[in-house]
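Single-structure report; data block below.
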Amino acid sequence: KKEDMSSSVEINSKDIGTVKSFRQGFTTAILNPKTAVFFLSFLPQFIVSNQSHFFQFLLLGFTFTTLTAIWYLLYISLIRQLRTFLRKEKVNRTIEGITGTVLLVFGVRLFFQK
């Protein structure tokens, strides 16, 4: 007799703590090689050659981190305010309908392209 293991193993998003989620996201971002490649290729154009490179990179990194944190905090506050609106069943059906229609139109256009 085969047992259905999917019902016995459930992942509850509330069981994953905030600290664990932050640690996982931070580790993923730090270990992403694209981040290092971006910073090593983009930031040198803003570095003055006759000054300390380390502190200039540190300042640019801090500026980037601060601006990113501000952006995410604004994004989080907006989503939090829209949370009750976005949880409505009618709103979800409307969003899914619009998304489905857009994807269908893209698929039809792709099908008829030469």
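The values are calculated or read from the model by the stated rules, or taken from the named source; none is laboratory data. What you see is a predicted model, and the numbers here were worked out from it, not measured in a lab. Here the Cβ is made from the backbone with ideal geometry for all residues, glycine too, and neighbour counts use every protein chain on show.
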task: Answer yes or no as to whether Ile47 is among the aliphatic types (A, V, I, L, M) and either out of contact with any helix residue (DSSP H, G or I) (no Cβ under 6 Å at 6 or more places or on another chain) or over 30 Å from Gly25 (Cβ atoms) (or both).
output: no
Unique match (being part of a helix (DSSP H, G or I) and at pLDDT 90 or above) among Phe106, Phe57, Phe42: Phe106
message: Pairs please, first residue from segment 14-28 and more than 19 Å from Thr68 (Cβ to Cβ), second anywhere and at pLDDT 90 or above, Cβ atoms under 7 Å, 6+ apart in sequence or on different chains.
response: none
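Residue-wise test of (1) hydrophobic (A, V, I, L, M, F, W, C); (2) exposed (fewer than 10 other Cβ atoms within 10 Å of the Cβ).
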site: Gln51; (1), (2): no, yes
site: Gln56; (1), (2): no, no
site: Thr63; (1), (2): no, no
site: Tyr72; (1), (2): no, no
site: Ile79; (1), (2): yes, no
site: Leu86; (1), (2): yes, no
